[in-house]
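Written below as C-alpha cells is the structure these notes are about.
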Amino acid sequence: AAGNLWTASIPDAPDDWFFRELRAGNQKQTLARTPNFDPQNPYLGGWNYTIYDGPRTGSFGAGVASVHTRGDFFEWKINVPQGGEYAVWFYYAAVNKPYGNASMAGRTSLQVDGGAPMMLQGLEDTPNWSQKAWSRTGTLNLPAGEHTLRWTNVTGGGLNFDALALSDDLVWKPPTAPKADDTLVAAGKNVIVVQAEAFTKMSSKEGVVDETEGAAYRDRFWFKPNDIPAFAPNQDAEVRIFPAWGWVSTILQVKDVDWQNRLVHVEANKNASEELRVGNRYYLSNVREALDAPGEWYYDRAAKVLWWWPLNANAQSQPVVAPVLDRLIDFKGDAAKGWVENVSIKGLQFSDTTYARELRQGVYSPDDAAIWMSGARKCVIEGNRFINIGGYALRLADKSTGVEFVGNEVGHVGQGGVMMTGDVASQPRDTLVAGNWMHHLGEVYKHVAGVYCVTASGTRIAHNRFEDLPRYAISFKGFTDTNYSHNNIAEYNDIFRTNLETNDTGAIETLGREKQDTGNVIQYNRILDVVGVKAMPDGTLRSPYFTWGIYLDDYSSGTIVRGNIVARHDWGGGCIHGGRNNIFENNIFIDGLSHQMRYQVRDEFCKDNRFVRNIIVYKNPKANVFMHTGTWRPDVLSESNFNVIWHAQGTKYFEDGKLTPAGTLAQWRQAGYDRDSVVADPLFVNAAKDDYRLKPNSPALAKGFKPIPVEKIGLQGYARAWKLNAK
C-alpha cells in the first residue's frame, strides 16, 4: 500500500473474528496505538493521562469514602465573593475509635493556595460510617477571588467525606441533613459550598468516589488537547488504561468521542469495574488513524483488510499469524462422574491464542489460558513452551488435584503462568509448579501473577525463575471463609524485576480476609528489584512506589516467612497488614527506600506476630527500620529480637532517628523489642553482586541466623533433568 504499509485482504474471514494479537516471524506486533510504544522506555513511556474537565458542582449525598491513608489529598477551586474570616464546616461520617482515635481532630489540614496548613479540629466519631454530621473545624481568612483549597490527611485515620461549607457568618450553622439539591444560604452573608466529589485534583490510596457529577466515572474520561487524534467511527476502538489506584489494567471499548469537549465515553461492563480518575495513564488503540510507526498493525473488520507496517524489510519472507482460539486444549472432567486423569503433555509449543474481550471474572482475575483443566487428576504438563499467547499458560478449576506443571517456559504472554480458581469446595489442590522459567508476563492485563492462587490449597511452587512481571510472581488469595488459599508453599524461587507496572503489591503476596491462620509458607526465595509504579493526579509517574518484597495483605495470618533474600524494594522487605500469628524469621532485607519492615495495624485483630533472627541492611538516610500505621499496641509483636541491623552510615545513624514505632532504636528496646539484637555489619560475601552469603565471622551467626541454601534456589535447584530449547 502507500508508503511503508502493507495490506492483506481476508475475504473469507468470519464477521465476528475479532483479533487483537498479531505475530510476524517470532515477534509480536503492536496494535496501532497513540501515543506510540516507546521501546527505550517500555513501562514508563508511551502514555497519556486523563484529566477532569466536566461539571464541578456535585451534590449532597454523594462524596468520597474510605479516605484513611496518610498523605491522601483533595483539591478544589473556590471563588470567594467577599474577603474576610470564614468558618469552616465539614459534613462527614467517621468511626475511628476501634482503631484508637475517637476524633480526627488535629489529623487533617486545609491549605489555601499552598500556604501554611491549618490543622482541623472537631471531627468526632459519628454513630456509623453512613450517618453523617457537621463539625466546625476552624476558621480561615480568605481574600476575595479564586483560590485553590487543599485538604490533606496528615496522620491517617478514616473519613467518608460529603462536603464542606465556608461561611463569613461565624454564628451560622448548616442544616442538619441537607438534601441533594440544597444550596446553603446565610441571610445577608456568604456561604461557599464545596462538594467533595467535585475535586480538581486528588490522590487517595483506597478512596472511593461516588459517581455523580464528580471527577471519577466508570464510563467516561476527559483528555488533554491533541492527546487523541480525530478518527473515523470504529466499533473496535479501545482504551487501554490503569484505572483508579493503578492496581489493575483494563481494556475499555470506545462508544463515542465528544471532540468539542474532549470527552471519551466507554462501554460499561465488567472491564469497567474501576473508576477512571484524574491522572490515570492510558493509550488509545485499534484505530486506523494511529497506524504510524514500524511494527504497528490494524484490522479493518468491516472491509476485512489487515494493514501493517513491518519492522523489517523482509516482510514477504516471514509468516504473519493472527489467533483464532482463546484456548488450545480444554479438558473437562468431573470428580463425581469421571476425572480426566493420568494425561501427560510434553515437549510441545503453544502460541497464538487470543483473549476474551470482556473479562469473565473481572479485572482482578483475567482467566484466559492456552490449556484449561477442569476435574483433572494426576496430569503432567512438562517441558513445553508457551510463547506469544493471550492469557495464562494453564488454568485449573473444578477440584483438579495432583496436577504437575514442571520444566516449562512461559514467555511474552498476555496474562500469567498458572491460575487456580474456585471456592473451598471446588478449588484445585496439591498442584506442583516447579522448575519453570516465566518471563515477560502480563503484556495485555496487568493484575496477574506467575502463579495465581485465586483459590487453591496444598500448592507447592518451587525452584522456578520469574522475571519481568507487571505485578506478582506468586499470589495466595483469601477472600471469605468459603473462598481461600491455605497450606501452600512457595520456596526456592528466583524472582527478579516484579511490579513493573502496578503498585500496592509485593513480589510474593497473600490476602487473608477470611481471618484464619492459613498455614502458608514462604521460604528460601531470592527476590531482587521490587519496583512499583503510580500515576499521580498531575499526570506524572512515580517509580519506585508502594511495594514490598513479601506482602501479607488484609489480615493474612498464620504465615511463615523464612529464609528469604529480598533486595531493593520501596516500603519494606516485608509487610503485615492487619494479620496475626505470622512469623518472619531468618530473612535478609536489603535497601528498602522508605522502610525495611512495615506493620499496618488495622484493628485489635493484629497481634502476636514475630520478627526474629533477621538481617536488615540499608543505606537511604531518610528510611526507617520499622514502620507502622494505625495505633501501635505492644501485642502487635509478641517478639522482635536477635536481629542484625545495619546502615551504611554506621552506628551513629541509629542514635537519634525516630526509626521505629516507639521512636529511636533505644526507645524501641526500652519498649521490650530487640533487646538482644545488634547494630553491626552482617559481613556479606559480596553484596555489590547480590551475593548475600555470610562470612564465617558474621555477627548474625552468633545470634542464631542459619545460612540460606542459595545453591538450591531457582532453576539450578530443580531436581528433574530438563532443558529449554530457547535462547
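The values are calculated or read from the model by the stated rules, or taken from the named source; none is laboratory data. Note that the structure is predicted; figures quoted are calculated from it, not measured. Cβ: placed from backbone, ideal geometry, glycine included. Neighbour counts: every protein chain shown. For the accessible areas, the whole protein counts, side chains as well, though only heavy atoms, and no ligand, DNA or RNA atoms are used. Shrake-Rupley method; radii C 1.70, N 1.55, O 1.52, S 1.80 Å.
Its Cα centre serving as origin, the chain has a Cβ charge dipole (Lys and Arg +1, Asp and Glu -1) of approximately 1840 debye. The distance linking region 497-535 with region 312-328 is 36 Å (Cα centroid to Cα centroid, whole angstrom). 3J(HN,Hα) along region 224-234: 6, x, 6, 6, 10, x, 4, 9, 5, x, 8 Hz, from the Karplus curve 6.51 cos²θ - 1.76 cosθ + 1.60 with θ = phi - 60°, whole Hz, x for Gly and Pro.
Let me have the relative contact order for region 7-159, percent, based on Cα pairs under 8 Å that are six or more residues apart. Relative contact order, region 7-159: 29 percent. Note on E639 and N487: their simple-model spin labels are 2.6 nm apart, each label 7 Å out from Cα toward Cβ. Let a ≥ b ≥ c be the square roots of the eigenvalues of the Cα gyration tensor of region 313-360; is it rounded (a/c under 1.5), or, if not, prolate (a/b larger than b/c) or oblate? The shape class here is oblate. Rounded to whole numbers, the Karplus 3J(HN,Hα) couplings from phi for region 527-533 are 10, 10, 6, 9, 9, x, 9 Hz, using 6.51 cos²θ - 1.76 cosθ + 1.60 with θ = phi - 60°, and x at Gly and Pro. Binning the C-alpha pair distances of region 545-650 at 5 Å intervals from 0 yields a P(r) profile of 3, 14, 26, 26, 20, 9, 2, 0 %, listed from the shortest bin outward. Note that region 60-71 has calculated 3J(HN,Hα) couplings of 5, x, 10, x, 10, 10, 6, 8, 9, 9, 3, x Hz, one per residue in order, obtained from phi through the Karplus relation 6.51 cos²θ - 1.76 cosθ + 1.60 (θ = phi - 60°); glycine and proline are x. Under a 5 Å amide H cut-off, with hydrogens placed 1.01 Å from N, N520 pairs with N487, N488, I560 among residues at least 5 apart or on other chains.
Taking the Cα-to-Cβ direction at K255 and at T7 and moving 7 Å from each Cα, how far apart do the two end points lie in nm? According to this spin-label approximation, the distance is 3.3 nm. Here's the picture: charge each Lys and Arg Cβ at +1 and each Asp and Glu Cβ at -1 in region 284-357, and of G333, W309, Y298 the one pushed furthest to the positive end of that dipole is G333. With kT/(6 pi eta Rh) evaluated at 4 °C and eta = 1.567 mPa s, and Rh the Kirkwood radius from Cα pairs, region 214-260 diffuses with a coefficient of 106 µm²/s according to Stokes-Einstein. For region 410-492, the gyration tensor built on C-alpha atoms gives an oblate shape. Its axis ratio a/c (a ≥ b ≥ c) is at least 1.5, and a/b is not larger than b/c. Dimensions of the chain from C-alpha coordinates, computed as largest minus smallest value along each principal axis and given longest first, are 81, 73, 52 Å. Along its principal axes, region 1-134 has C-alpha extents of 70, 38, 31 angstrom, given from the largest down.
Its Cα gyration tensor gives region 454-560 an equivalent ellipsoid, and the semi-axes of that ellipsoid, as √(5λ) in whole Å with the largest first, are 25, 17, 9.
Taking each residue as 0.36 nm, the span from S426 to D53 lengthens on full extension beyond its C-alpha to C-alpha distance by 129.6 nm. Have a look at T152, V625, G417 and report the one farthest towards the positive end of the charge dipole of the chain, computed about the Cα centre with Cβ charges (Lys/Arg +1, Asp/Glu -1). The residue sitting most towards the positive pole is V625. Sorting the segments 622-633, 330-341 by their residues' average number of neighbouring beta-carbon atoms within 10 angstrom, most packed first, yields 622-633, 330-341. Sorting the segments 111-123, 176-188, 604-616 by their residues' average number of neighbouring beta-carbon atoms within 10 angstrom, most packed first, yields 604-616, 111-123, 176-188. Taking a point 7 Å out from the Cα of R357 in the direction of its Cβ, the residues of region 278-298 whose backbone N falls within less than 17 Å of it are 285-288, 298. Of all beta bridges that DSSP places with both ends in region 539-648, some 0 percent have antiparallel geometry.
For region 170-223, the alpha-carbon coordinates run over 41, 22, 21 Å along the three principal axes, in decreasing order. For R23, R218, the ranking by accessible surface with the largest value first comes to R218, R23, using a 1.4 Å probe.
Simple spin-label estimate for F18 and S103 gives 5.7 nm between the two label positions (7 Å along the Cα-to-Cβ direction from each Cα). A Förster radius of 30 Å, combined with the Cβ-Cβ distance separating K378 from N26, puts the computed FRET efficiency at roughly 0.30. Expressed as a whole percent, the accessible area of the chain that falls on carbon and sulfur atoms is 49 (1.4 Å probe). Sorting 502-513, 256-267 by their mean Cβ neighbour count within 10 Å, with the most densely packed peptide first, gives 502-513, 256-267. Computed from the C-beta positions of A187 and L263 and an R0 of 35 Å, the FRET efficiency is 0.35 to the nearest 0.05. Relative contact order of region 432-552, taken over Cα pairs closer than 8 Å and 6 or more residues apart, is 23 percent.
Taking each residue as 0.36 nm, the span from N79 to A177 lengthens on full extension beyond its C-alpha to C-alpha distance by 32.8 nm. Legend: distances between Cα atoms for K28/K304; K378/K712; K515/K695; K205/K619; pairs beyond 30 Å are K515/K695. The Cα atoms of region 520-568 give a gyration tensor whose axes a ≥ b ≥ c have a/c of 1.5 or more with a/b no greater than b/c, which makes the shape oblate. Spatial offset of region 90-130 relative to region 594-668 amounts to 28 Å, using the alpha carbon center of each. Look at the alpha carbon pairs under 8 Å that are at least 6 residues apart: their mean separation over the length of region 556-622 gives a relative contact order of 36 percent. From helices alone, the chain scores -500 deg cm²/dmol at 222 nm; the rule is -39500 (n - 2.57) for each run of n ≥ 4 DSSP H residues, then divide by the residue total.
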